[in-house]
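What follows is a set of notes on a single structure, which appears directly below.
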Amino acid sequence: MRATDRIVRTALVALLAPVTLASCTGGGVSEGTSAPTSTPVAPAPPVATSIPVVTSAPVLTSTPVTSSAPEPSCATPGLHAPPACWRQIRPLGSGGFPPSPGSSDQPKWTPGRFPLTLPARIAFDDQLWMTGQTVAYSSPDGLTWQQHAKTNWGERIYHAVVYFKGRLWMYGGLDYASRRFLRDIWTSADGTSWTKVGSAPWSPRGGETMVVYRDRLWLFGGADHVASDRSTDRFLNDVWVSDDGIDWSEVTAGAPWSPRDAPGVVAFRDALYLVGGQGQSDVWRSTDGKVWTRLTADTGWGPRKGPARLVFDDKLWVFGGWIGPSTSARNDVWYSRDGITWQRQAEHAPWAERSPLSVVFRDKIWIFSGKHTGGADNWGGDLWQMAAAPTS
């Protein structure tokens, strides 16, 4: 395995048997230019069914409250899991690695598999897209995937890809060979032909979080230095905003939350919420990216790295990741309606411990495998979904 492919901030233990299990919500919730044309995908196997300035210290406005929801078993064999329960859609071994230059990872992606190691995002025509160095993948349904040759933007890690105003954008990251952080801007109107359109005014970095909020593109934090093994070891807490993806304005040189890479910022209820990141378990809220209120210093789900953090069913969700060494992955699931009070949906979800690659698509949470550093097969290639609970 090439080192590029190993340095991924996501994790998985692949010893889960391919059976359909579900974990109920007790809280009422619920990378080539060699291929000039796209490769059609064969049918997938049957589905197993005005900004003010902060001058004061952060304010703790509320005491965190955590609780564990009841966890009645809803493990159901067969195709139909109850709503708000996790269900396995594809078994272990259903994914394939992109044909990254120099990579020896197996199995490679072929029609009928889903791509491994690449985050999914909703882009053109509300389809899912995964974007690598020389290839990209698209899917209308999350199950059948098509491979496309794309412009080679160079071997890099820790870069950000985001869909904004009808285009895909790629920012910065770490040039793998030179170990140099970048701040270049690339964009594509179709996911395959990419053009470098300039350099950002913010300092070279990787591991930044990009969020679309109030029809503007926002950048939060990241890292600007790496250790000998290319792991990040110096961090940022600045905030920037753009109306077009090219021209950027600094919102603040230093937010009140601690410097971190992969800050867990999401747009939720017309505000920005920072949910952990860099081994933190704090939650902050802002409506302008500069004035931040700390909602809680410790959520109860612990100082973890690499979890999934997303908005679904009008709630904030955190699941998986690791606490302590990267080999110590988790498979617990937490949610909150306000960022302050957190409830545990499951101490152990039916999917194995990992740092999940997750996306909300078609009113479901999807987990496209994930990685568990040190696991026997640290990219297991299973696919899971969870739907919201029906309202009464």
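The values are calculated or read from the model by the stated rules, or taken from the named source; none is laboratory data. Keep in mind the model is a prediction, meaning the values are calculated, not measured. Note that we place each Cβ from the backbone using ideal geometry, even for glycine, and neighbour counts take in every protein chain shown.
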Scan region 222-244 residue by residue and report those that are loosely packed, with under 12 Cβ neighbours inside 10 Å and part of a strand (DSSP E or B).
-> none
Residue match in region 131-151 (condition: closer than 23 Å to residue 352 by Cβ, of a type in the set (A, V, I, L, M) and touching a Phe, Trp or Tyr at 6+ places or on another chain (Cβ under 7 Å)) | no
Restricting the search to region 137-147, which residues are part of a strand (DSSP E or B) and surrounded by fewer than 21 Cβ atoms within 10 Å (Cβ to Cβ)?
-> 139, 146
Whichever residue in region 179-199 is closer than 13 Å to residue 148 by Cβ and of a type outside the set (Ser, Thr, Tyr) and, among such residues, is surrounded by the fewest Cβ atoms within 10 Å (Cβ to Cβ) | 190
Residues of region 332-385 that turn out to be among the small types (Gly, Ala, Ser), within 17 Å of residue 306 (Cα to Cα) and either in a strand (DSSP E or B) or modelled with pLDDT of 95 or more (or both), as a count = 4
Selected residue (only one of 332, 363, 338, 382 is within 19 Å of residue 279 (Cα to Cα) and of a type in the set (Asp, Glu)) | 332
For region 109-129 the number of residues that are of a type in the set (D, E, K, R) and surrounded by 14 or more Cβ atoms within 10 Å (Cβ to Cβ) is 2
Right, residue 134: touching an Asp or Glu at 6+ places or on another chain (Cβ under 8 Å), under 23 Å from residue 317 (Cβ atoms) and of a type in the set (Ser, Thr, Tyr) or not?
-> no
Of the residues in region 254-269, how many are within 23 Å of residue 169 (Cα to Cα) and not in a strand (DSSP E or B)?
-> 5
